[in-house]
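Student: This structure is in structure tokens; I'll ask about it shortly.
The values are calculated or read from the model by the stated rules, or taken from the named source; none is laboratory data. Model, not experiment: these values are computed from the prediction. Neighbour counts are summed over all protein chains in view; Cβ atoms, including those assigned to glycine, are modelled from backbone coordinates with ideal geometry. The area values use the complete protein model at the heavy-atom level, side chains included, leaving out ligands, DNA and RNA. Shrake-Rupley method; radii C 1.70, N 1.55, O 1.52, S 1.80 Å.
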Amino acid sequence: MAAKRKYWGFVTPMPGATLGEVAGQCEAMGLVGLWAPQLYGSPFVPLAAAAMATSSLKLGTGVALAFTRSPLETACSALDLDAISGGRAVLGIGPSVRWWNERWYGVDYGKPLAHLREVVTIVRMILRDGASGRLGKWKGEYYDLDRFQLLFPPTRADVPIYLPALFENAIGMAGEIADGLAGHPIWCEQWILEKLNPNLARGLEKSGRERSDFDLNAWLYVAPGANKKECIEDARATVIFYSLLEQYERYFAECGFGAEARAIAAASKAKDEAAMRRACSDEMVEKFVIVGSPDEVRRRVDRIAEVADSFALGAPNHGLSTEKIGAYNQAIAQAFYL
């Protein structure tokens, strides 16, 4: 492992014995934490299982959907995980995209940053004062809540909160109200090096904090391999997936691939998978996924380490078999952790 470089891994629901083995291996390799994403089910469940098989790993929801559960449920779930793990919980929480919230979960999305700010404010109130009996009524733009008191004091009153970000305003808000930022895995090197520092500094200035008070955790898709062409082909479906998200159109355009993203979306509407893959050029894949030999991917991560404090490196996963994803994750471990 590179000197002083901190790495996080990922864990998803799987049979208990396998999950415990994976978590134990991550701890043995010296990783500092595990993120569990919320794709469908709760991210708190696999993390609680991982807590039973580890003793030092931080355990982060990466990220829990902010609007699909109440702020009270989110806060209490974080406190439960913190109690189970002995004070190792990290609450990653974010809005995700509009159609997941409205079409899958049937909840109000609203103005996502204002909505998320209110959620974080309420969650912090419950984490810090939920056992004190001092919590009164809350009436905001999205929530109208009555008095509440926890039955037992928390393991910690300040569970760290990380926010995700794609665009500049979300980066700034993370710097203002969160303890860390979980960088979007589709971020490219150009975006990270140009956009992060000025927008993060703006948020930190509002909160009166220094850069050293904050953790920038860079999530990156990485596909190491001797056959670069194969790595690019394996990563193509992951880039296509994000290109189809309407809220990401500006991001791809500002990174120089707006025309390609629009062509991918048009091919998707026509149900032409071959045209989607043609529209996603090799150059586009290499822009948004770190591919190549172990030395090549390490060099690219080294450049991003100029601004990042820690990393969460994961294999591209769309359209790949479990075995292929596992092979890439093993290659990541060989290139960065061992």
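Student: Could you sort the peptides 43-55, 93-105 by per-residue average Cβ neighbour count (10 Å cutoff), highest mean leading? List each step's numbers first, then the result.
Tutor: On the way: 43-55: 20.2, 93-105: 17.4.
So the order, starting with the most tightly packed, is 43-55, 93-105.
Student: Considering only DSSP beta bridges where both residues belong to region 59-168, give the percentage that are antiparallel (nearest 5).
Tutor: Values: 2 of 8 bridges.
Bridges in region 59-168 that DSSP calls antiparallel: roughly 25 percent.
Student: Could you provide, to the nearest whole Å², the per residue accessible area of the chain with probe 1.4 Å?
Tutor: Values: 15300 Å² over 338 residues.
Spelled out: the 1.4 Å probe surface of the chain, per residue, equals 45 Å².
Student: With n ≥ 4 as the cut-off for DSSP H runs, can you work out [θ] at 222 nm for the chain, using -39500 (n - 2.57) per run divided by the number of residues, rounded to the nearest 500?
Tutor: Values: 13 runs with 155 residues, N = 338.
Dividing the helical sum by the residues of the chain leaves -14000 deg cm²/dmol.
Student: For region 82-136, what log10 I(q)/I(0) values come out of the Debye formula at q = 0.12, 0.18, 0.26, 0.28 1/Å, with one point per alpha carbon and no solvent?
Tutor: Result of the Debye calculation: -0.41, -0.79, -1.01, -1.05.
Student: Follow-up question, since we're still on this one. Near the amide H of LYS6, under 5 Å away, which other amide H atoms are found, from residues 5 or more places off or on another chain, if H is placed in the peptide plane?
Tutor: Correct list: PHE311.
Student: Magnitude of the Cβ-charge dipole of the chain, K/R +1 and D/E -1, about the Cα centre, nearest 20 debye? Please list the in-between numbers first.
Tutor: Working: 37 positive and 40 negative charges, 59 e Å.
Around 280 debye, computed over the chain.
Student: Which values, in whole Å and largest first, are the semi-axes of the equivalent ellipsoid of region 227-276 obtained as the square root of 5 times each eigenvalue of the Cα gyration tensor? Could the numbers behind the result be given before it?
Tutor: Numbers: eigenvalues 69, 43, 14 Å².
One finds semi-axes of 19, 15, 8 Å for region 227-276.
Student: A follow-up question, please. Restricting everything to alpha-carbon atoms, can you work out Rg to Rh for region 283-322 with a Kirkwood hydrodynamic radius? Intermediate results must be reported in sequence, preceding the final value.
Tutor: On the way: Rg = 11.6 Å, Rh = 11.6 Å.
When Rh is taken as the Kirkwood radius, the ratio is 0.99.
Student: Related question: Quantify how much of the Cα-Cα distance distribution of the chain extends past 25 Å, in percent.
Tutor: Values: 30280 of 56953 pairs.
Across the chain, Cα pairs with separations above 25 Å total 53 percent.
Student: Would you mind telling me the share, in percent, of accessible area of region 231-302 contributed by carbon and sulfur at probe 1.4 angstrom? Please report the intermediate quantities before stating the final value.
Tutor: Details: 1620 of 3330 Å².
Accessible surface attributable to carbon and sulfur in region 231-302 totals 49 percent.
Student: If you don't mind, another one. Which GluC sites (Glu not before Pro) does region 185-238 hold that lie in a coil by DSSP with at most 11 other beta carbons within 10 Å?
Tutor: Values: sites: GLU189, GLU194, GLU205, GLU210, GLU230, GLU233; in loops: GLU210.
Passing sites in region 185-238 are GLU210.
Student: Further question: Based on alpha-carbon atoms only, what is the radius of gyration of region 235-324 relative to the globular estimate 2.2 N^0.38 Å? Let's see the in-between values first.
Tutor: Working: Rg = 14.3 Å, N = 90, 2.2 N^0.38 = 12.2 Å.
Here the answer is 1.17, to two decimals.
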